[in-house]
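Participant: Take a look at this one; I'll ask things after.
Taken together, the values in this text are just the output of simple stated rules run on the coordinates, not laboratory data. Keep in mind the model is a prediction, meaning the values are calculated, not measured. Cβ placement follows ideal geometry from the backbone for every residue including glycine, while neighbour counts extend to all protein chains displayed.
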Amino acid sequence: MTNHAEREKVTLPLLQLTDVSYTYGSYLALNQVSFELEPGELVVLAGRNGAGKTTLLRCVAGWNQITHGHVAFNGTSIYQVERAMRRNLILIPDTPPFYNDLTVMEHLQFIARVNQLADWHEPAQSLLKRFGLTINHGAMPAALSRGQRYKLALCMALLVDPQILLLDEPFGPLDPISAQQLWNDLWARREHGKTVLLSSHQSPLNVRPDRYLFMEGGDLVADGTPNDLKMALHAESDALDDLLRATIEHVERHDPVQEP
Amino acid sequence: MLPILWLRFKQMQGTANYWLRLVDYDTRDKDVMNRAYGLYLLGFMAWWSVAMWAIAAGFIATIGGSLPPTAQSAVLTYTPFVVLIGLAILMMLKLQSSPYKLSSPDFAYVGGSPVQRVVPVIIGFFGDMVLPLVLSMVVVSFMAVALNVRLGTVGEIAAALRSALAIAPVVALVWALAWLVGLARMTLPGVRRWSALWLVPVVLLPLPFVAPGVTAWPGNMLALIMVGESADLMIMAPVVLALVAVIALIAVLGDRINMIDVADESLIFAKLSEISNLRWMAPSVYLRARSQFKAAAYKPILRLPDAVGTRMLVARSALTYVRSPLEVLKLLIAVALVQGGVAMLAYGLPPLLIIVWLYAVAVAPTSALIRVFSADADDLFTRQFLPINSLRLLLADAAVPMGFVGLVSAVLWLLQPVAIEMIMPGLVLIGILTLLLVLCRGGSLLKLTSMRAHVSYGVLAVIGLGVTLGAGLVFGGILAAVFAGALTSAIIASLIAEA
């Protein structure tokens, strides 16, 4: 019995979504979405505006209460372990808010000490340096540019070092150099067995995630590695924009609702 | 002068249009039916204002009939202090940045125009004063009704009208003096950058003990009219003369200010005036935007202490209040509410006053109690970094303001001449009322119960604090209120813990 339970525990996915639906009033924003994330995966969630990417990330993070389905973190519903798992599942929204009374460095100090991280100072300095915020360490976040604010949010999340990092449109506010730097950092996290799920319309040049999840109209319409999707969709390449275009065309051709 | 007046008139018209369109009246529509509807609205609003005032005055007269005979002497004693404290606070505000502010269009059309600076400054002064003037006239008219019940209905109304007229020059003088010091700062470039200059008006507070005749004079005149000891409005003539003199000085200083400095200190005002309608339609959004605009220009003082876990939350909360001293001043409103609640039971004040007290509790701006918690609870991004339940977070975040309110209230309580056996129950009740205020404020930010329902602060406060004070009034003692308050606190706390 114990061996069976242990075997089950070992094979459980890190994050599992089963038939997740979410409605805003009568509008169905997510329609029975199911997928799994394993440790050490870097997954890109893509889709057109309004496809449901942000809503999905918010449901995964427990920010929105799903109307149907199940979200499990290590086999347990996130609503049962919500507080305990907060540190292990962090979502950075596209415009993260901050405390108006704390400086950049104090944000890092505050969250590190509240989470009882002992040796926080050196990693915090290192993160600020990597994201080019050292010079702003004494500034108030409200004085930072949009890109710098997103970088501060990244520093906060990376300092806490969650098991799963969820990022909503991370490349939008960043310059191309910072975007490439961020991708490298995310890839390094993946190498260390951490999982990243990010939504994006764009990605740095010549990079590929482990998997793409494509959404359209609240449905998860494609899930696979770049190469598998390229073959299945007959796309020009395995780049994000080509795969997205091919996915949309495929959905519009095959979806019976879209047919005249 | 005329172009500036015309500009301000058009701006006022624009604001009025916004609100009138909400009741389906369009000022640009010259149709007869539309104009008739406008007249109807005007008549209805006039009737509604008078009727509401009369109903409220009738209710207040009932309470006034039960006021102890000491109430009039208390008004005579405390009114000058209230006026002086109001003046000190207003001066502090006007010393923080230029009293005359420019909106975004004003940067170009007023700040950059060759118009004499005195003109927009004087117009700005009167514009800034209108709303507080009207509000204070209404409030003082109610107070006069309560204090003059012995004169009958006609006498009450006459006293209310006299008091409303008498407070106008007092409020205007207070506003003018605050503007004067604010403008004086703007004309002295060396002084303008002193960061602690805004604290200087604190020196006014001990003045009533040094020179009571001078400092208490406008407030004394007002108090005499309010309590009905003088029916002659001419006693306010010296106040009016002083007002005219101060306005003349404002004109002199107003012409010497540098519009570049004014523009520099108007940036936040200009941004906020672009979303000014949100102040009434969505106050929380407006307040958040305001605090963000202010935060961008803020120079942090002191450093975040190095603590761990919950103690870090308390340390951060303390730092926030140190960096926002005006929030500490706002906590005095909570002190006044707690004192009012305890006094009602301790002195056996008229039971009907509980309605006024609960109304004050529901509408008074006591959100300074949960300034830190609201930042933590409102934003899910920052909340996810705080791995504790909402009750622990609320208590940690509000420990500093609760301690301040409890301590100040306790000191004030100990200074009062109450029976020795009342002291300890009174102190416990102070603690419970402070805790309840915090729990009600905090609970209103969360989704409570398994229904994940939002319960507004007003509802929570009226139920939580109403049950507490009501138990004290019904069972005739502070101890009953203490037990009821403890029970109510436990219920609300458990709801917050599960939120």
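Participant: Would you work out which of B:403, B:380, B:222 lies farthest towards the positive end of the dipole of chain B, given +1 charges on the beta-carbon of Lys and Arg and -1 on that of Asp and Glu, about the Cα centre?
Facilitator: Result: B:380.
Participant: Of the peptides B:216-225, B:171-180, how do they stack up when ordered by the mean number of other Cβ atoms within 10 Å, highest first?
Facilitator: Per-residue mean Cβ counts within 10 Å order the peptides as B:171-180, B:216-225.
Participant: May I pose another question? Give me the one-decimal nm value for the distance between modelled label points at residue A:125 and residue B:388, 7 Å along each residue's Cα-to-Cβ direction.
Facilitator: Between residue A:125 and residue B:388, the simple spin-label model gives 2.9 nm.
Participant: Over chain A, what is the relative contact order in percent, taking alpha-carbon pairs closer than 8 angstrom and at least six residues apart?
Facilitator: Reported relative contact order: 24 percent.
Participant: Let's see if you can work this out: charge +1 on each Lys and Arg Cβ, -1 on each Asp and Glu Cβ, no other charges. What is the dipole magnitude of segment B:310-497 about its Cα centre, in debye to the nearest 20?
Facilitator: 360
Participant: Taking the Cα centre of the protein assembly as shown as origin, work out the dipole magnitude from +1 charges on Lys and Arg Cβ and -1 charges on Asp and Glu Cβ, in debye rounded to 20.
Facilitator: Dipole magnitude for the protein assembly as shown comes out near 2060 debye.
Participant: Across peptide B:311-323, how many C-beta atoms of other chains are within 10 Å of each residue C-beta, on average?
Facilitator: 3
Participant: While we're looking at this one, here's another question. Relative contact order (percent) for segment A:97-170, with alpha-carbon contacts under 8 angstrom and 6 or more residues of separation?
Facilitator: It rounds to 42 percent for segment A:97-170.
Participant: In debye to the nearest 20, how big a dipole does segment B:68-265 give about its Cα centre with +1 on each Lys and Arg Cβ and -1 on each Asp and Glu Cβ?
Facilitator: 220
Participant: Could you compute the FRET efficiency for residue B:154 and residue B:415, with r as their C-beta to C-beta distance and R0 at 35 Å, rounded to 0.05?
Facilitator: Taking R0 as 35 Å, the efficiency between residue B:154 and residue B:415 is 0.30.
Participant: Cα-Cα over 23 Å: which of A:194/A:230; A:151/B:330; B:330/B:447; B:101/B:294; A:194/B:447; A:129/B:271?
Facilitator: Beyond 23 Å between Cα atoms: A:194/A:230; A:151/B:330; B:330/B:447; A:194/B:447; A:129/B:271.
Participant: How much mean residue ellipticity at 222 nm does the protein assembly as shown get from its helices, if each DSSP H run of length 4 or more adds -39500 (n - 2.57) and you divide by all residues, to the nearest 500 deg cm²/dmol?
Facilitator: Counting only the DSSP helices, I get -19500 deg cm²/dmol.
Participant: When you look at the Cβ of every residue in B:384-392, what mean number of other chain Cβ atoms sits within 10 Å?
Facilitator: 6
Participant: Percentage of Cα-Cα pair distances in the protein assembly as shown greater than 40 Å, rounded to whole percent?
Facilitator: 48
Participant: Right, another one. Suppose R0 equals 22 Å. What FRET efficiency, 1/(1 + (r/R0)^6) with r the Cβ-Cβ distance, do residue B:280 and residue B:364 give to the nearest 0.05?
Facilitator: 0.80
Participant: Could you tell me how far the Cα centroid of segment B:29-43 sits from the Cα centroid of segment B:160-218, in Å?
Facilitator: Here the answer is 43 Å between Cα centres.
Participant: Can you run phi through the Karplus equation (6.51, -1.76, 1.60; θ = phi - 60°) for segment B:46-63 and list ³J(HN,Hα) in whole Hz, with x for Gly and Pro?
Facilitator: Per-residue couplings from phi come out as 5, 4, 4, 5, 5, 5, 5, 5, 5, 5, 4, 5, x, 5, 5, 4, 4, 5 Hz.
Participant: Express as a percent, rounded to the nearest 5, the fraction of DSSP beta bridges in the protein assembly as shown (both residues included) that run antiparallel.
Facilitator: Looking only at bridges with both residues in the protein assembly as shown, the antiparallel portion is about 55 percent.
Participant: Nearest 0.05, what FRET efficiency do residue A:177 and residue B:116 give at R0 = 56 Å with Cβ-Cβ as r?
Facilitator: 0.60
Participant: How many partner chain Cβ atoms sit within 10 Å of a residue's Cβ in peptide A:111-119, on average, as a whole number?
Facilitator: For peptide A:111-119, the averaged partner shielding equals 5.
Participant: Compute the distance from the alpha-carbon center of segment A:130-186 to that of segment B:390-426, in whole Å.
Facilitator: Measuring centre to centre over Cα atoms gives 43 Å.
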